[in-house]
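Remarks on the structure that follows.
What follows is calculated from the coordinates using simple rules that are stated; it is not laboratory data. This is a predicted model, so every value here is computed, not measured. So basically every Cβ, Gly included, is an ideal-geometry build from the backbone, and we count neighbours across all protein chains shown.
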Amino acid sequence: MKDESRRPRTLILPPAPYAAAVVGGWWLDRNEWALPLDAGAATRPLAWLLLAIGLVLFVWTLWTFARHRTTVNPYSGASTLCTRGPFRFSRNPIYLGDWFLLAGVSLLLHTFWPLAFAPLIWLTIRFGVIRHEEAHLEAKFGDAYRAYRARVRRWI
């Protein structure tokens with residue numbers, strides 16, 4: 001068994017599946033595979049709202065990491081267990097924010113394709129990233145992490 005207390009064994013850079021879904025979805029939509037996503041006049045403001053929520057979660061999480069002097073790098077070990085800020089509501093606020101960004105971008109591009117990749121993205125993030133981060137945090141912080149995990153949900 002590998003020593004998970006040093007650093008997580010993350011398999012993929014977390015933004016990559018979301019970016020691939022957006023680029024791939026945009027390409028599919030522009031190449032005769034159109035799956036339009038347009039709810040009329042409400043689409044644009046809703047898209048910007050979703051993007052704003054995603055960006056706020058991202059910035060709030062980065063600020064929380066900075067205040068706790070720990071890393072956001074998914075390939076580096078955590079120096080502190082963050083349980084405040086957005087971590088009071090979700091153990092993965094950046095990844096949650098990424099979902100809001102994906103939905104907002106899909107609406108702005110007027111295509112359903114990026115959202116069609118959602119199950120694949122979820123599997124990739126859950127088993128290629130989160131599983132390793134959770135193993136690292138449990139190995140490094142033990143009971144403190146287990147107690148935190150028991151009271152805060154993975155997503156929301």
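Things worth noting here:
- Where N is the number of residues in the chain, Cα Rg divided by 2.2 N^0.38 Å: 1.14
- Added length on full extension, which subtracts the Cα-Cα distance from 0.36 nm per residue, ARG44 to ALA116: 24.0 nm
- Contact order normalised by residue count of the stretch 40-156, Cα under 8 Å, 6+ apart, percent: 34 percent
- For a label point 7 Å along the Cα-to-beta-carbon line of ARG149, residues of the stretch 90-116 with backbone N under 19 Å: 90-96
- Per-residue 3J(HN,Hα) values for the stretch 18-27, derived from phi via the Karplus relation 6.51 cos²θ - 1.76 cosθ + 1.60 with θ = phi - 60°, read 5, 4, 4, 5, 5, 5, x, x, 4, 4 Hz in sequence order (x marks Gly and Pro).
- Close amide H partners of THR111, meaning residues 5 or more places away or on another chain with modelled amide H under 5 Å apart, are LEU37.
- MRE, 222 nm, helices only [DSSP H, n ≥ 4, -39500 (n - 2.57), over the chain, to nearest 500]: -18000 deg cm²/dmol
- Fraction of alpha-carbon pairs over 20 Å apart in the stretch 85-145 - percent: 39 percent
- Relative protection proxy for 144-156, 98-110, 70-82, from highest mean packing down: 98-110, 70-82, 144-156 (other beta-carbon atoms within 10 angstrom).
- Of PRO14, PRO86, PRO45, the one that fluctuates the most in a GNM where the chain has Cα springs shorter than 10 Å: PRO45
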